[in-house]
Amino acid sequence: MSYELAFSERFPLDLSKVPKKVRRAYQHLSKSVLCVAPDRANPPQIKRLGSFRNLWRMRVADNYRLVYSVDSQRRTVCLLMLDHRDKIYDRLGADENGEPGFRIIAGAQELIDRELTPEEKALAQELVKRLGLGTKAAPHDRLLPMPLDSATLSSWGIPEDYHNALSAVRTENDLLDQPEVPDEILERIMYCLWPPNIEEVTQKPVRVARDPDHIAEAADGKRSLASFLLMLDEEQLDFLTKFKGAAQPHGPWLLKGGPGSGKSTVTLYCIRELLGSLRQLDLFAEDRPLRILYTTFTKSLERASNHLLDHLDLGGYRNQVEVRTVDSLALENLPQEWKQLRAEQPEEYIKAALDECSTQIPKFSFTPDDCHFLAEEIDWVIIGQGINSLKEYQEFDRAGRGRALGQHQRRHLWQLYEVVQHILRQDGACLFSERLKVASESVSPKYDYVFVDEAQDLKAVAIRFLMGLCHDRRNIFLTADTNQSIWGNGFSWTKMASDLHVQGRARILRRNYRTTREIWQAVLQLAPDSEGADKDTLNVEAVYRGSRPVLARYSTRQQQEKRLNSFLWEALRSERATPSNAAVLCPTEREMNQVVEMLDKKFKAKAMRSRDVDISHPGVKVMTMHAAKGLEFPVVAVVGLEAGRLPLPVWQGIDEEEHMARQKRLLFVACSRAMRRLMVFAHRDRPSPFVKSLSDEYWDIEELC
């Protein structure tokens, strides 16, 4: 059995800058040695690296060395670094015999395969401190370590079109301020100027290559990193076995996990394995082609998922898998008369209906102050739960909604709902939630398997609609995390789909591969703690290390503006990343344009509403916390943590406890988008109640002046 190749995310950049002779040698050895017998010592070409934990070194051509790790049990080789022999051992923090030096002993002990003595640790830490290796990056602009002349740029594979502009660059900030140079070129230059050490390399995600040549394509810029699936751990692989083998798998299945636990990645792997199993059964040869549906929450996630599926080597079976948002599916499956109605939000129509009901119904139970509550009740309970009559509504268990309603009030609310419907139809309109309800009532099965992402934020009628799209209701797959539910309903998602039974087929992922340990520990102080919180998806282990997040307290916009800009510059320089790797998250759309005005023009910041999020934009993304759901960024700033903005004021008639819990979940979701760097801005003079839970035990707290 051969070995599968995987690689640390930055390895293709190492491969891209070696001479052609070395590239040819690497490509030959990757297939003849790494895929066959990577852990068979053959000095001096192949040897194990001293006391490092399962690291190997291979000679590639005369002067270049490849460092990789081997997992013999999983039959996987992970490519880590490829560099000239004069540089590789410095990046390893080792001598030429491969023994770890003081830098590794002090700062990356997990890489060492032996017990260290207290004396070794103390000496190493003293040497690191004396040499200043553990100090933070300088806060001001710095000169580049070498000039960017044409010869150097050519050796790094930088096209000549950019040489003139880049040859004038002298400092780090100048390098980031190159609007005409694509991000991938800038990132390659930063990588060549500051190649990462082994400690940094092993703190990056690992991706799997289905074919050794695909890594070379990534090095040449012909294949994006996003086209490679992340490598699964043992827990994730164990869940995958449900979809392997010749037997046709049946569910339903539920996969739970917190932020960064890889639910979406595992889902794509499951789809791939499912296709393999069904292929063995020759089910694709039937008259009716087998179809698989994967639903995402936003259009941006739909595009990203399609991109991954396009590169999964599914062959001619790729067209069997369709990726769609639930809203677009509902619109497509509506009866013709409903397709002609434009979709609207309920608030304005409720105001008009209130005017009519208050004059026609004696002692009507509600006033305009109840508008927000009534909108949620109609949207999430009456329509969202698929209730069709006053009798059904009066008997429905509203536990979890906070505000109690007696039979008299429910009758008045149902009458209001009927008036809202009448006004909508006169206006040639319907509610978005009505589309889902009607679609769920008239749906015809079209798919053999349905995979549903982010189920916790879907209305009951949406889940029932998706179930109705499936020929066999056993073949439903859901991912969910109640703690990331940021849309208001007051019900657990499992209650909304009471007719879907997943007992015995549920699994929880307990590792976080997105945020660093330091950020995760800090963000846990914002974790949901209400009755409906899911403790299982909070009790997870963050895999990577990094810097502590920062809580910045300010009193004036000028203080916030200055620190926001300096944080982004410092974080991007420290991470050797371009502005496209950063996001600023706001409580509502109202703040987005204000933030864009605050930011330095060099950041090329763009405000993005939920429906037009553009992950490919070559600058800082400024979006709402809601719009960032499901996304991740190496650098994140969260603004608006102040009374009246986050949390928003409690609307009349809305349960205060549920409102505050939902707003806290929103902040939790926003902060957990950060992968490597996080700063949260809180107003000092108008403090948000959420700030009280943030302590200096996990946060670096700055008082801006």
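The values are calculated or read from the model by the stated rules, or taken from the named source; none is laboratory data. Quick caveat: nothing in here was measured; it's all calculated off a predicted structure. Virtual Cβ from ideal backbone geometry, glycine too; neighbours counted across all protein chains shown. For the accessible areas, the whole protein counts, side chains as well, though only heavy atoms, and no ligand, DNA or RNA atoms are used. Shrake-Rupley method; radii C 1.70, N 1.55, O 1.52, S 1.80 Å.
Pairs to check: 351/629; 339/446; 263/602; 129/621; 562/621; 351/606. Give those whose C-alpha atoms are more than 27 Å from each other in this structure.
Listed pairs above 27 Å: 351/629; 263/602; 129/621; 351/606.
Taking only Cα atoms, what is the 0 to 90° angle, nearest 10, from helix 183-193's long axis to the longest principal axis of the chain?
Once rounded, one gets 40 degrees.
What whole number of Å gives the distance from the Cα centroid of region 195-269 to the Cα centroid of region 291-337?
Each part's Cα centre sits 19 Å from the other's.
Take the Cα pairs of region 34-92, get the Kirkwood Rh, then feed it into Stokes-Einstein at 4 °C and 1.567 mPa s and tell me D in µm²/s.
111
Which links in 204/604; 31/121; 299/535 stretch past 32 Å when you go from one Cα to the other?
As for pairs spanning more than 32 Å Cα to Cα, those are 31/121.
Calculate the FRET efficiency for residue 692 and residue 313 from the Cβ-Cβ distance with a Förster distance of 60 Å, rounded to the nearest 0.05.
Calculated transfer efficiency: 0.70.
Please report, in debye to the nearest 20, how large the charge dipole of the chain is about its Cα centre when each Lys and Arg carries +1 at its beta carbon and each Asp and Glu carries -1 there.
1220
Which ³J(HN,Hα) values in Hz, rounded to whole numbers, follow from the phi angles of region 298-311 under the Karplus curve 6.51 cos²θ - 1.76 cosθ + 1.60, where θ = phi - 60° and Gly and Pro get x?
Rounded to whole hertz, the list is 9, 5, 5, 5, 4, 5, 5, 5, 4, 4, 5, 4, 5, 10.
Sort the following peptides by mean Cβ neighbour count (other Cβ atoms within 10 Å, averaged over residues), highest first: 324-331, 249-256.
249-256, 324-331
Could you tally the net charge around residue 240, taking each other residue with its Cβ under 12 Å from the Cβ of residue 240, Lys/Arg +1 and Asp/Glu -1?
Computed value for this residue: -1.
Suppose only helical runs count, i.e. DSSP H with n ≥ 4. What mean residue ellipticity at 222 nm does that imply for the chain under -39500 (n - 2.57) per run, divided by all residues and rounded to the nearest 500 deg cm²/dmol?
-10000 deg cm²/dmol
Each residue of region 11-23 in order: what ³J(HN,Hα) in whole Hz does its phi give by Karplus 6.51 cos²θ - 1.76 cosθ + 1.60, θ = phi - 60°, with x for Gly and Pro?
Along region 11-23, the couplings run 4, x, 5, 4, 5, 5, 9, 8, x, 4, 4, 5, 4 Hz.
Can you give the local net charge around residue 470? Use residues other than it whose beta-carbon is closer than 12 angstrom to its beta-carbon, Lys and Arg +1, Asp and Glu -1.
Counting the neighbours of residue 470, the net charge comes to +3.
So for the chain, taking the charge dipole from beta-carbon charges (+1 Lys/Arg, -1 Asp/Glu), which of 144, 46, 542 sits furthest toward the positive end?
Checked the options; the winner is 46.
Rounding to the nearest 10 and keeping the result within 0 to 90°, find how far the Cα-based axis of helix 347-360 lies from the longest principal axis of the chain.
The answer is roughly 20 degrees.
Go through region 418-427 residue by residue and turn each phi into a ³J(HN,Hα) via Karplus (6.51, -1.76, 1.60, θ = phi - 60°); whole Hz please, and just put x for glycine and proline.
Karplus values, whole Hz, x for Gly and Pro: 5, 5, 4, 4, 4, 5, 4, 5, 4, 8.
Where does helix 118-131 land angle-wise versus the long Cα axis of the chain, in degrees 0 to 90, nearest 10?
90
Kindly rank 638-651, 659-672 from highest to lowest mean number of other beta carbons found within 10 Å of each residue.
For the peptides 638-651, 659-672, the packing ranking is 659-672, 638-651.
Just subtract the alpha-carbon distance of residue 2 and residue 87 from 0.36 nm times their residue separation and send over the number in nm, one decimal.
Contour length minus the Cα-Cα distance gives 27.5 nm.
In what sequence, largest accessible area first, do 392, 119 appear using a 1.4 Å probe?
Of 392, 119, the descending order of accessible area is 119, 392.
Out of all DSSP beta bridges with both ends in the chain, state the antiparallel percent to the nearest 5.
The antiparallel fraction comes to roughly 30 percent.
What order do you get for 184-194, 333-343 when each peptide is scored by the mean count of other beta carbon atoms within 10 Å, highest first?
Ranked by mean Cβ neighbours within 10 Å, highest first: 184-194, 333-343.
Give me the one-decimal nm value for the distance between modelled label points at residue 408 and residue 557, 7 Å along each residue's Cα-to-Cβ direction.
Each label point is offset 7 Å from its Cα along the Cβ direction, giving 4.9 nm.
Residue 427: net charge of surrounding residues, Cβ under 9 Å, Lys/Arg +1, Asp/Glu -1, itself excluded?
+1
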